[in-house]
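Have a look at the structure below before the remarks.
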Amino acid sequence: MTMLSAMEIYESLTFNNPGSFFNKPAPDPLVAFTIGGILSTIGFIWWVRRYLALKEDVEKSEIKSEINMNLKIRMMISAAIDNDLNRFVMVTYSAVSFLFLGGLQVAYQSTLLIMFIFYTFSSSLESVRIMLAYKSVGDGDQRNLRISSKSMRDKFLEYSEKKVLKPANVYEDLGRNLTIVTMVFITQVVLISFVCFDMRNSNVNNCLDGTKGCPVAGTLGSWLFFILGIFMALVFQLGPKTKFGESEQNPYYWLRLFLVLKKEETWISWNNDMKGIDEDNKLHAGDIRVWIRYFMSFLINGVGFHILVHALPLQVASQSSLTGVVFRAIGMMYLVDLDDTPGYTLTINDNIDGKTISKEEEHADEETSLI
């Protein structure tokens, strides 16, 4: 079955209120493509300048070593995904969103598929950066680590200087029972899947005047709702919800934990305030339990978060009432926040008595350079 474009669907409609401002035809897709193309060009030039700035920063660092391919890739990723400069995030996110807006007007289903592929790829960049940094360190010795991101440096040093880890969600909290972690994971997967399925089957909706079968991004009202959704998503990404731009995947926490797992044996202890006792757990090198939790976190706070937040403009554009826009935004915030709760403070020990401090922590403050 051939999928009609938004304009073709629009021309076949009979509106309940033909004179309504919101029922006017949306701007030609060329408008969105032009805006997206201009912003993409600006964003690409900006990304190159950010990469060169990071490269210069690394070259000027006190630790002199060759900038190998591993570090180059991490710097390119850092230049692209770090939210350290609000204007850069606004330009790049808006560029992609306008390109998708034009695509949705021309071919909804094909563009939606490309969106899902793009969000999965972009969310995986954070994990690629973590894995490359992890691989660059031999035997857990942080003295070999070069950090490619200015925005991550202070946070990673904060984790490295202390014997504690502070989980930000249930997946990071190793002291949290795996049963409740799995329940939260399944709930979020199901709800995010509902959102994806709903978007796939929502190329038409009701207009604000009640007319049925209006194409998403085909009327001026839906088109403007999409623009509003871009603004709302930027506020969500750069506002207090993400602590003004911090990565939802918490890369410094996971990298620190993975480096701990390079040791043959490490004890993690915490105080269970619900039971009123101290508890502990022994972690082995490459402990599968930690990797399972990381995979859960990646699917939810990586792929899921990108789909929910980055596809928010499309979700808003498909609403048929002003109240629906509000409910959609609130529902999305609830869904991404479902796993976000500070966990038990985890203490890292080489043995159960906590008397020995790991070697990487002894050198972290003075030896760690630049992720």
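The values are calculated or read from the model by the stated rules, or taken from the named source; none is laboratory data. Owing to the predicted nature of the structure, the values given are computational and were not obtained by experimental measurement. Glycine gets a Cβ as well: all are built from the backbone with ideal geometry, and neighbour counts include every protein chain shown.
Of note:
- Considering region 257-294, and only residues there that are among the basic types (Lys, Arg) and over 25 Å from the mean Cα position of the chain (by Cα), the residue that is modelled with the highest pLDDT turns out to be Lys282.
Results for (1) out of contact with any Lys or Arg (no Cβ under 8 Å at 6 or more places or on another chain); (2) of a type in the set (Ser, Thr, Tyr); (3) part of a helix (DSSP H, G or I), shown as yes or no for each residue.
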position	(1), (2), (3)
Ile180	yes, no, yes
Val189	yes, no, yes
Cys196	yes, no, yes
Ser202	yes, yes, no
Gly210	yes, no, no
Ala217	yes, no, no
Ile230	yes, no, yes
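- Residues (part of a loop (DSSP other than H, G, I, E, B) and at pLDDT 90 or above) located in region 1-17: Ser5, Ser12, Leu13, Thr14, Phe15, Asn16, Asn17
- Condition met for Thr266 (of a type in the set (S, T, N, Q), part of a helix (DSSP H, G or I) and surrounded by fewer than 22 Cβ atoms within 10 Å (Cβ to Cβ)): no
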